[in-house]
1. Do we have any residue at all in the stretch 257-266 that's aliphatic (A, V, I, L, M), more than 20 Å from Leu44 (Cα to Cα) and outside any helix (DSSP H, G or I)?
2. Take Ala48 and decide whether it is more than 9 Å from the ligand (Cβ to nearest atom), at pLDDT below 95, at negative phi and out of contact with any Phe, Trp or Tyr (no Cβ under 6 Å at 6 or more places or on another chain).
3. Assess whether Asp203 counts as being acidic (Asp, Glu) and over 13 Å from the mean Cα position of the chain (by Cα).
4. Can you tell me which residue in the stretch 293-316 is surrounded by the most Cβ atoms within 10 Å (Cβ to Cβ), limited to those that are among the small types (Gly, Ala, Ser) and at pLDDT below 95?
Amino acid sequence: MSICPPPSAKPTAEQRVIAPSSRAGHLWSVQAVMDLYDLPLADLLDQARSAHQQHFQANAVQLSSLLSIKTGGCPEDCGYCPQSARFDTGVATEAMLPLATVVQAAQAAKDAGASRFCMGAAWRSPKPHQLEAVADCVRAVKALGLETCVTLGMLRDGQAERLREAGLDYYNHNLDTSPEYYGEVITTRTYDDRLDTLGRVRDAGIHVCCGGIVGMGETRRDRAGLIAQLANLAPPPDSVPINHLIAVPGTPLADVPTLDPLEFVRTIAIARITMPRAVVRLSAGREAMDEATQALCFYAGANSIFYGDTLLTRGNPQLEADRALFSRLGLHASAGDPHLASAPTTI
Ligand code: SF4
């Protein structure tokens with residue numbers, strides 16, 4: 001089902017949330033999500049754990065790998081992003097990686113234990129020849145037996161269908177934050193632009209991966225607004241990355257105050273409660289989190305992480321740290337999409 005309306009009757013993002021015809025199930029108001037935020041932490045975690053155990057193996061975590069296939073020089077102005085050409089962050093503009101390099105990285109990620117391979121490109125929207133090059137990457141990575149996800153910016157007519165024909169499993173396009181705070185972070189594309197791309201992805205039969213970033217200076221109500229937007233998509237996303245801002249020098253958000261780690265844990269828990277069937281991905285910012293915070297995130301329902309650097313196959317301290325953490329927490333890697341009852345694997 002589409003979440004895109006006809007152009008002549010385009011509703012605002014807020015109207016999309018409350019539109020009674022948008023879905024048959026429960027709609028989350030921002031206040032209802034705020035009420036979850038206001039629960040005692042232990043009560044919130046209890047609810048999240050219960051929701052998690054109804055739909056997923058309790059201690060299975062999917063290992064994903066992320067490769068930038070086209071880095072830097074992006075014309076957009078996302079205030080958190082070091083790849084924007086508008087900010088002086090020291091990130092060089094590079095050409096798209098050759099197919100062989102992408103395949104090599106995907107194989108290395110698989111060998112290191114990943115079951116999902118994500119490819120990101122710093123584009124406003126892919127041009128036709130760029131999309132075909134990505135489609136080639138998707139076919140090749142799929143042939144290795146990996147789940148595929150790409151994030152390429154806004155999609156135009158027919159582009160999602162081309163990716164689906166190539167075998168793409170998930171398309172990532174985040175809403176980032178609440179509709180109210182969005183304009184403080186990005187001005188070069190609108191919230192509705194993002195919803196339109198999500199509709200194209202859904203209409204093409206590709207799983208939607210859609211989440212946001214917290215710690216960008218937004219209020220708790222903005223975080224609740226983001227969660228309500230995500231949970232009220234029709235249907236909700238299959239995959240929800242929750243990112244913690246990495247404050248990069250040179251970006252407009254370089255100096256925002258650091259978010260309370262327990263507020264981040266609450267956001268993970270609320271994503272799990274409001275979107276119980278989604279894979280909740282503990283994404284950017286994990287490197288700066290202590291292990292106790294990560295452990296709480298897993299307890300709260302996070303069941304996917306980005307794992308290691310796909311260009312480094314051995315001796316990567318992050319891989320070793322994650323293996324040690326999983327061992328200490330009694331977690332295991334799921335052998336594939338956690339929606340499936342996959343056999344556990346060690347990492
Ligand atoms: S569109 Fe993507 S790559 Fe471009 S500035 Fe925004 S987040 Fe960065």
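The values are calculated or read from the model by the stated rules, or taken from the named source; none is laboratory data. In this text the structure is predicted, and so the values were computed from the model without any measurement. Virtual Cβ from ideal backbone geometry, glycine too; neighbours counted across all protein chains shown.
1. Step one: filter the stretch 257-266 for residues aliphatic (A, V, I, L, M), giving 259, 262, 265.
Checking the rest, the ones that are also more than 20 Å from Leu44 (Cα to Cα) come to none.
Looking for residues that are aliphatic (A, V, I, L, M), more than 20 Å from Leu44 (Cα to Cα) and outside any helix (DSSP H, G or I), one finds none in the stretch 257-266, hence no.
2. On the way: more than 9 Å from the ligand (Cβ to nearest atom): yes; at pLDDT below 95: no; at negative phi: yes; out of contact with any Phe, Trp or Tyr (no Cβ under 6 Å at 6 or more places or on another chain): yes.
Taking the combined requirement at face value, the residue does not satisfy it.
3. Details: acidic (Asp, Glu): yes; over 13 Å from the mean Cα position of the chain (by Cα): yes.
Here the answer is yes, as Asp203 does meet what is asked.
4. Taking the stretch 293-316 as the starting set, the residues that turn out to be among the small types (Gly, Ala, Ser) are 295, 300-302, 304, 308, 315.
Subsequent filtering for residues that are at pLDDT below 95 retains 304, 308, 315.
Values: Ser304: 24, Gly308: 26, Gly315: 7.
So, considering only residues that are among the small types (Gly, Ala, Ser) and at pLDDT below 95, the one surrounded by the most Cβ atoms within 10 Å (Cβ to Cβ) is Gly308.
Okay, residues lined up against (1) at pLDDT below 50; (2) within 20 Å of Ile227 (Cβ to Cβ):
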residue: Ala9; (1), (2): yes, no
residue: Glu14; (1), (2): yes, yes
residue: Ser22; (1), (2): yes, yes
residue: Gly25; (1), (2): no, yes
residue: Asp38; (1), (2): no, yes
residue: Leu44; (1), (2): no, yes
residue: Ala58; (1), (2): no, no
